[in-house]
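S.K.: Quick one: structure below, then a few questions.
The values are calculated or read from the model by the stated rules, or taken from the named source; none is laboratory data. This one's a predicted model, so the numbers in the text were calculated from it and none came from an experiment. All Cβ positions, even for glycine, are placed from backbone atoms using ideal geometry, and neighbour counts span all protein chains on display. All accessible areas refer to the heavy atoms of the entire protein, side chains included, with ligands and DNA or RNA removed. Shrake-Rupley method; radii C 1.70, N 1.55, O 1.52, S 1.80 Å.
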Amino acid sequence: WFYPFHTGRYAMDGVTQIFSPNFDSRPDGAGVSLVVIHAISLPPDRFGGSGVEQLFTNCLDPAEHPYYSGIHHLRVSAHYLIRRTGELIEFVPPELRAWHAGVSSWRGRERCNDFSVGIELEGCDTLPFEPVQYEVLADLLADLCGRFPVEGVTGHSDIAPGRKTDPGPRFDWERFRRSVA
């Protein structure tokens, strides 16, 4: 299937698409120049469930888990989610602005959502990420760099210091750098 606003291109073969309503158009002249790496698990520190997809599609049931009662009202989405199994899910095409970064700044530019692509890794601050996640992330980044003039890749914690910790201390930046070299 395709999005109602389908751009005519897919990021990569084998991508699962799940429509998120949490997007809008990028401001005029704002192209993609940054990739922001995030980490998420819902409920916290648990993997494999449908909580992330439900959050990104505004269907999170606050009665399903105590943590959900405090976040079910949020209207957020990343462009992509890479599950611990390596499954790649696209929620918002990268040509559009997904609501992933919140209050943020990179190299003096505010509002990182305007010019970035957000990639969530299924993970947390206390456990290492899976090797296949680094592989899929490297492939996705290569695809994005082939389509957009990406100037940098950074963590959510770097554009929203003090507010966010992801992708967290267990994300291996050196391994990531080697995988994209």
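S.K.: Do you know which residues across the stretch 105-116 are open to solvent by 10 Å² or more (accessible area, probe 1.4 Å) and either in contact (Cβ under 8 Å) with a residue 60 or more places away in the chain or not hydroxyl-bearing (Ser, Thr, Tyr) (or both)?
M.R.: Within the stretch 105-116, TRP106, ARG107, GLY108, ARG109, GLU110, ARG111, ASN113, ASP114 meet the criteria.
S.K.: Of all residues in the stretch 73-96 being β-branched (Val, Ile, Thr) and assigned to a loop (DSSP other than H, G, I, E, B), which is surrounded by the fewest Cβ atoms within 10 Å (Cβ to Cβ)?
M.R.: Only one residue fits best here, namely THR85.
S.K.: Anything in the stretch 114-133 that is under 20 Å from HIS100 (Cα atoms) and in a helix (DSSP H, G or I)? List them, or say none.
M.R.: ASP114, GLN133
S.K.: Sort out which residues of the stretch 1-19 are modelled with pLDDT of 95 or more and out of contact with any Asp or Glu (no Cβ under 9 Å at 6 or more places or on another chain), and write them in order of number.
M.R.: Result: PHE19, single match.
S.K.: Is there any pair linking a residue in the stretch 70-99 that is acidic (Asp, Glu) to one that is in a loop (DSSP other than H, G, I, E, B), with Cβ under 7 Å and at least six apart or on different chains, and which?
M.R.: Pairs that qualify, where the first residue is acidic (Asp, Glu) and the partner is in a loop (DSSP other than H, G, I, E, B), are GLU90/ALA11; GLU90/VAL15; GLU90/HIS79; GLU95/THR7.
S.K.: Further question: If a residue must be part of a loop (DSSP other than H, G, I, E, B) and open to solvent by less than 20 Å² (accessible area, probe 1.4 Å), how many such residues does the stretch 135-181 contain?
M.R.: First, the residues of the stretch 135-181 that are part of a loop (DSSP other than H, G, I, E, B): 148-151, 160-172, 181.
Going one step further and asking which of them are open to solvent by less than 20 Å² (accessible area, probe 1.4 Å), we end up with 160, 166-168, 171.
Residues in the stretch 135-181 being part of a loop (DSSP other than H, G, I, E, B) and open to solvent by less than 20 Å² (accessible area, probe 1.4 Å): 5 in total.
S.K.: Restricting to the stretch 36-67, give me the number of residues that are closer than 24 Å to PHE176 by Cβ and not in a helix (DSSP H, G or I).
M.R.: Residues that pass the stated criteria total 12.
S.K.: Can you name every residue in the stretch 54-76 that is in contact with a Leu (Cβ under 8 Å, 6 or more places away or on another chain) and closer than 26 Å to ASP143 by Cβ?
M.R.: LEU55, PHE56, VAL76
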